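Single-structure report; data block below.
The values are calculated or read from the model by the stated rules, or taken from the named source; none is laboratory data. Not measured: the values here are computed from a predicted model. Glycine also receives a Cβ, built like all others from the backbone with ideal geometry; neighbour counts cover every protein chain displayed. Protein only, heavy atoms only, side chains kept; ligands, DNA and RNA dropped before computing areas. Shrake-Rupley method; radii C 1.70, N 1.55, O 1.52, S 1.80 Å.
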There are 2 protein chains.
Amino acid sequence: MSEVREKAALAKKAAQAMNRMTTEQKNEALLLMADALVTNSASIIEANARDLERGRAGGTPASMLDRLALNDQRIEAIAQGLREIVELPDPTGRIIEEATRPNGIVIRKLSVPIGVIGIVYEARPNVTVDAAGLCLKTGNSVVLRGGSAALESNRRIIEVMHEALSRSALPPEALQLIESSDRSSVDEMLKLNGLLDVIIPRGGRSLIQNVVQNATVPVIETGEGVCHTYVDDEADPAMAEAIAINAKVQRPSVCNSMETLLVHERFAGAHLAALAARLQELGVELRGCAKSRTLVPGMGEAAETDWGTEYNDLILSVKVVSGLDEALDHIRLYGTSHSECIVTGNTERAERFLAEIDAAAVYHNASTRFTDGFEFGYGAEIGISTQKLHARGPMGLPALTSTKFIIHGNGQIRG
Amino acid sequence: MSEVREKAALAKKAAQAMNRMTTEQKNEALLLMADALVTNSASIIEANARDLERGRAGGTPASMLDRLALNDQRIEAIAQGLREIVELPDPTGRIIEEATRPNGIVIRKLSVPIGVIGIVYEARPNVTVDAAGLCLKTGNSVVLRGGSAALESNRRIIEVMHEALSRSALPPEALQLIESSDRSSVDEMLKLNGLLDVIIPRGGRSLIQNVVQNATVPVIETGEGVCHTYVDDEADPAMAEAIAINAKVQRPSVCNSMETLLVHERFAGAHLAALAARLQELGVELRGCAKSRTLVPGMGEAAETDWGTEYNDLILSVKVVSGLDEALDHIRLYGTSHSECIVTGNTERAERFLAEIDAAAVYHNASTRFTDGFEFGYGAEIGISTQKLHARGPMGLPALTSTKFIIHGNGQIRG
């Protein structure tokens, strides 16, 4: 039996026991895991150093090495993340609906763990802990397949967490790491119907698209965000500038940052030059349509491919539009249904935008950067869903549950 | 552009307008559709007769011809189904959550239509109307691809419904029928990410598995039911007999009927012969394990493949087990997570069964035949989900909705 199938089968068997764990037992296990990570940080950093060395020797880009790197402070933050999950309410074991039918059967709809969750992600050891914590807290087993560049770090982290679980009520087999660095191990996970109940990809576009295109196991698509801010001609100029700058500059590498600025032609005539200058001062490279380039001399030219690109960087495409309708059409064509914003003082137009744009989160006069589990008050998230089934937007603990109908009778049969 | 892509694109465009329709407008359209079907029943029956003739000439089995056949009474029942959907509450447009965050942004989670729903189904013209009604009532567009043996019937039914929609506020383009009888039209639908938001297969195992195995669009898996009834040694014999007979005999062709009877060895010793005789009197063919065959002379022998078979017929596999644990193990191995039942007077064992069996519906002392939208009080259903994401068990109107976060601010940016 392959490593993937064997570990998934162990996870599925453990899911039976996980289903019976109390909130207290799950929380205790998470706290033991958090403490163990801190206690064993030296050996984790040692393993991480080997990954980093291999990465440097192989020419891994500095930004990837940075996301891979661990130190005492980062491990403490990761452990703290687990402790924060402990504080969140347990979404399982709740009776969501209850009804006694005319024939006397009592039907209860109960929230339950999903079962076995597969996570496919990049070389980010923090995701290993974070995903484990979220899945175990919700009573699920989890099969992790992280980027092979983090294998030594992940292996040591899992050892430490397994040891902690062995001192808890939870079955350590509920936590599985696929160690094969072969891409075929991912392909095998994607087809494990019957053993995995869902696969959640976390990473960049190519990782996510590989999962979406090839999985037969149900997938929750996450993350890709070509987010727009539309500045209407009735926008307050200072507010528009603050929101546009925040959405682009505050953390450009994440999915809820702005990639395209759409500007009403009247607003553009009066304010685009100043706004562009502010963005450029902050290091943003601008790529504009023909109209915006006549208003902002020296602005680069946007190619057709720019409109669909998630830069995740200090680059912004800029388009002048004739009004709300053109903005709506543009977003429908190029948006990824993640987060979209209108800045306007005109309530009617705002309501049209909010109603007609089909996205996980639509904003009136606030930065798209708020699409985040913590900002929404849900706590840690396993990802941001950009699909419409099961969960949409920031996915907190409830997104890791399913339901089950439990029916009590006293001999009822159907007539 | 292919027929599939062209019609899906029209459906997607119409989904924008559908999203704005009021409950009253949607209900009015459904009532117009219902009336039009009755008014035009002669021409529908004429088209159906051509399908039936072609089917008979091609050697289609009688059971399939029966499900394909329409007459005045059936068309009236189908129209009545639409009128019943009108009576159901509209699940869209509800504010599910609302919170004002410390920074003053107001976040509302709103229930919204999914968008465009693809339905792949067999040669059953009633599903054409039923699926159209459920999808339009929830503000969705729908792309239907029914079995080609019903093409003439479906084409005429869609014409009639389109004509009715053209007299309503709803865009007729929200309702699309794929007419190509080529299997490649199904394959094309399964990969239409970006145009279809979900595909729901309705039909037998091979149809469902084709969709699950090949779709890149999210799927809601429905229907396959290898359902068990476990009769414990503390079961009331009369209740056990009534439930077992109802679960097998009342309507054997449907997914929530029983396929395997598991019997505690003590109950079997005292009562299996009598229960088997009753089932045989009712025309049920029994296929038993070795132990059950020693207790019921003349019972046929179950092959290994019987345990995983959904007969959908008056056939039942029978296994004597040593107790609850063996029953749980058997169900875990062969069940399809649809509906499972324990008959027992022992509360503790019942609670263990209900907690440990991982299925959409678990029953204590009631027939599995109750897993049904109407029986649960939800009204018409688009199918019974056997997966754990998005919806599980009978899927009523709420299963055809998604959510959307709407955020109002007054200039908030993220710090």
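Extension gain for A:Ser43-A:Gln250 works out to 71.1 nm (0.36 nm per residue, less the C-alpha to C-alpha distance). Of the beta bridges in the protein assembly as shown, as assigned by DSSP with both residues counted there, near 30 percent are antiparallel. In chain A, taking the dipole from charged Cβ atoms about the Cα centre, the farthest positive-side position among A:Tyr311, A:His330, A:His162 is held by A:His162. For B:Ile95, the point set 7 Å out from Cα toward Cβ sits 2.9 nm from its twins in the other copies, listed from shortest up. Cross-link reach is defined here as a Cα-Cα straight distance under 20 Å, omitting same-chain residues fewer than 8 places apart; for B:Lys191 the lysines meeting it are A:Lys191, A:Lys388, B:Lys7, B:Lys12, B:Lys13. With label points set 7 Å from Cα along Cα→Cβ, the inter-copy distances at B:Glu84 are 4.9 nm, sorted shortest first. Between A and B, roughly 5800 Å² of accessible area is buried in total, ligands, DNA and RNA not counted and the probe set to 1.4 Å. Dipole orientation for chain B: of the candidates B:Gln412, B:His228, B:Ser257, B:Gln412 has the Cα lying most toward the positive pole (charges on Cβ; Lys, Arg +1; Asp, Glu -1).
For B:Thr260, what is the net charge nearby, where nearby means another residue's Cβ is under 9 Å from its Cβ and Lys, Arg count +1, Asp, Glu -1? Present the calculation step by step, with values, prior to reporting the outcome.
Working: positive: B:Lys319; negative: B:Glu259, B:Asp306.
Net charge around B:Thr260: -1.
Working from label points 7 Å from Cα in the Cα-to-Cβ sense, the A:Gln25 to A:Glu265 distance is 6.8 nm. The two copies B and A are related by a rotation, and the chain B beta carbon nearest its axis, with distance in whole angstrom, is B:His390, 2.
Rounded to the nearest 20 debye, the dipole size of segment A:227-370 about its Cα centre is 340 debye, using +1 on the Cβ of Lys and Arg and -1 on the Cβ of Asp and Glu.
For the protein assembly as shown, with all protein chains present and a 1.4 Å probe, just round the carbon and sulfur fraction of the accessible area to a whole percent. Can you show the working numbers first?
On the way: 15520 of 31120 Å².
That fraction is 50 percent.
Among residues other than A:Arg369 with Cβ under 12 Å from its Cβ, the summed charge is +1 (Lys and Arg +1, Asp and Glu -1).
Placing unit charges on C-beta atoms (Lys and Arg positive, Asp and Glu negative, everything else neutral), compute the dipole magnitude of chain B about its Cα centre in debye, rounded to 20. Write out the running numbers ahead of the final one.
Numbers: 42 positive and 54 negative charges, 277 e Å.
It comes to approximately 1340 debye.
Across chain B, the relative contact order, built from alpha-carbon pairs under 8 Å that are at least six residues apart, equals 18 percent. In nanometers and ordered shortest first, the copy-to-copy spacing of the B:Asn71 label point, defined 7 Å from Cα toward Cβ, is 8.3.
Shielding by partners for A:383-391, please: the mean number of other protein chain Cβ atoms within 10 Å of each residue's Cβ. Present the calculation step by step, with values, prior to reporting the outcome.
Numbers: counts 0, 0, 2, 0, 8, 13, 11, 8, 4.
Taking all residues of A:383-391 together, the mean is 5.
According to the square roots a ≥ b ≥ c of the eigenvalues of the Cα gyration tensor, what is the shape class of the protein assembly as shown, taking rounded for a/c under 1.5, prolate for a/b larger than b/c otherwise, and oblate for the remainder? The shape class here is oblate. Specify the inter-centroid distance of segment B:217-256 and segment A:328-398, based on alpha-carbon positions, in whole Å. Segment B:217-256 and segment A:328-398 have Cα centres separated by 43 Å. Comparing A:Leu68, A:Leu151, A:Val106 along the charge dipole axis of chain A, the residue lying farthest to the positive side is A:Val106, per the Cβ-charge model.
Solvent-accessible area per residue in the protein assembly as shown equals 37 Å², computed with a 1.4 angstrom probe and all protein chains kept. In terms of its alpha-carbon gyration tensor, chain A comes out oblate; a/c meets the 1.5 threshold, while b/c is at least as large as a/b.
Using only side-chain charges placed at the Cβ, +1 for Lys and Arg and -1 for Asp and Glu, the dipole size of the protein assembly as shown relative to its Cα centre rounds to 160 debye.
With a sphere of radius 10 Å drawn around the Cβ of A:Ile406, what net charge do the other residues whose Cβ falls strictly inside it have (Lys, Arg +1; Asp, Glu -1)? Display every interim value, and only then the final one.
Numbers: positive: A:Arg108, A:Lys109, A:Lys404; negative: A:Glu98, B:Glu351.
My count for the surroundings of A:Ile406 gives +1.
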